[in-house]
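Colleague: Before we start, here is the structure in question, set down as structure tokens.
The values are calculated or read from the model by the stated rules, or taken from the named source; none is laboratory data. Because the structure is a prediction, the values reported are computed rather than measured. All Cβ positions, even for glycine, are placed from backbone atoms using ideal geometry, and neighbour counts span all protein chains on display. Please note that ligands, DNA and RNA were not included when accessible areas were found on the heavy atoms of the full protein model with its side chains. Shrake-Rupley method; radii C 1.70, N 1.55, O 1.52, S 1.80 Å.
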Amino acid sequence: MTFLHAIVLVQLQRIEGARTVYSIYHLLKGKKSSQTIQDAHLFNLGVFFQTFPNLQRNVFDEIIHDLYQNGFITQQDELKFVLSEKGCQELAV
């Protein structure tokens with residue numbers, strides 16, 4: 001698991017399925033929309049804002065796919081994921 005994979009897991013844990021995975025993508029990129037800024041404050045994710053401004057969407061999609069395929073996250077809705085028990089254990093280490 002890469003550092004970026006772990007960051008995405010932390011963010012998914014905090015949003016608890018309340019937002020789509022792309023809200024995380026926009027936060028990492030630093031999108032200056034009111035929704036992204038509100039999410040950063042609401043879910044205490046401000047520290048991650050614009051940490052990966054050059055992150056490409058296809059790379060982010062691969063990270064989500066990897067986390068899902070390895071059982072760290074489960075799909076709740078079309079674009080909403082939550083941590084599985086394995087994902088929670090990974091963050092607890």
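Colleague: Cβ-Cβ distance below 6 Å, separation of 6 or more or different chains: which pairs start in the range 60-78 with a residue that is on the phi > 0 side of the Ramachandran plot and end on one that is open to solvent by 80 Å² or more (accessible area, probe 1.4 Å)?
Modeller: G71/K86
Colleague: In the set K86, K32, which member is open to solvent by 60 Å² or more (accessible area, probe 1.4 Å), of a type in the set (K, R) and touching a residue at least 12 places away in the same chain (Cβ under 8 Å)?
Modeller: From the options K86, K32, the qualifying one is K86.
Colleague: Let me ask something else about it. Is it the case, given these coordinates, that L67 is in contact with a strand residue (DSSP E or B) (Cβ under 7 Å, 6 or more places away or on another chain), part of a helix (DSSP H, G or I), surrounded by 12 or more Cβ atoms within 10 Å (Cβ to Cβ) and not basic (K, R)?
Modeller: yes
Colleague: From the list V82, V59, pick out the single residue that is closer than 16 Å to L9 by Cα, at pLDDT 95 or above and touching an Asp or Glu at 6+ places or on another chain (Cβ under 7 Å).
Modeller: Every option except V82 fails the conditions.
Colleague: Taking the stated definitions as given, is L27 open to solvent by 70 Å² or more (accessible area, probe 1.4 Å), within 24 Å of A92 (Cα to Cα), among the hydrophobic types (A, V, I, L, M, F, W, C) and without any contact (Cβ under 8 Å) to a residue 40 or more places away in the chain?
Modeller: The answer is no for L27.
Colleague: Consider only pairs whose beta carbons are under 6 Å apart and that are at least six residues apart or on different chains; among these, list those whose first residue lies in the range 45-58 and is touching a residue at least 24 places away in the same chain (Cβ under 8 Å) and whose second residue is part of a loop (DSSP other than H, G, I, E, B).
Modeller: Correct list of pairs: P53/G30.
Colleague: Kindly provide the set of residues from the range 1-15 that are modelled with pLDDT of 95 or more, open to solvent by 50 Å² or more (accessible area, probe 1.4 Å) and either at positive phi or in contact with a helix residue (DSSP H, G or I) (Cβ under 9 Å, 6 or more places away or on another chain) (or both), ordered by number.
Modeller: Answer for the range 1-15, where residues must be modelled with pLDDT of 95 or more, open to solvent by 50 Å² or more (accessible area, probe 1.4 Å) and either at positive phi or in contact with a helix residue (DSSP H, G or I) (Cβ under 9 Å, 6 or more places away or on another chain) (or both): just Q13.
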